[in-house]
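Please read the structure below before turning to the comments.
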Amino acid sequence: MRRLTAEDFPNYDVDIYSEEQENCAYEDDCAIHVVRNGQRIVFYKGQGDGAYGEKDIPRFEKIVDKVLNKKESPIKINRMKHACRDHKERHQILHRCLDELVADMLMHTNELPSKMTVLELMRWSSLQTISPTI
């Protein structure tokens, strides 16, 4: 079951709560409440002219059901892609640094990387920060 967030409804003022009652929808104090899969989504617009009423319930039920049927929020996907891209770029930088570190270790110790553990490489590298060999 997909958990909804306010980001799933970028064009609306919403709050989302856990809810134990069965799927339903109702209007209360000029707000539309739509309950789906243990979540109550509350749409607010304020009071007075243009406030939400019972006539708006079917429209908001369709909006919630449409969002629930989507695999993932477009906003979340964009954030995940951005985070993934940042992570990939950071990992590429780290890999280049690791390559440089291993090459430096090889030049100074004449030890093949296959003969050294990662822990030994880390210890050697740490010692180089204190007293580097030239």
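What to note about this one:
- Using the rule -39500 (n - 2.57) for each DSSP H run of four or more residues, divided by the residues of the chain, the 222 nm mean residue ellipticity is -16000 deg cm²/dmol.
- Residue with peak Gaussian network fluctuation, the chain [Cα springs, cutoff 10 Å], from 22, 111, 61: 111
- Candidates 19, 89, 120: whichever shows maximal mean-square fluctuation once the chain is modelled as a Gaussian network with Cα springs under 10 Å: 120
- Gaussian network model of the chain, Cα within-10 Å springs - most flexible of 104, 56, 28: 104
Any read-out appearing in this document is the output of simple, stated calculations on the displayed coordinates, not a laboratory observation. All values reported here derive from a predicted model rather than from experimental measurement.
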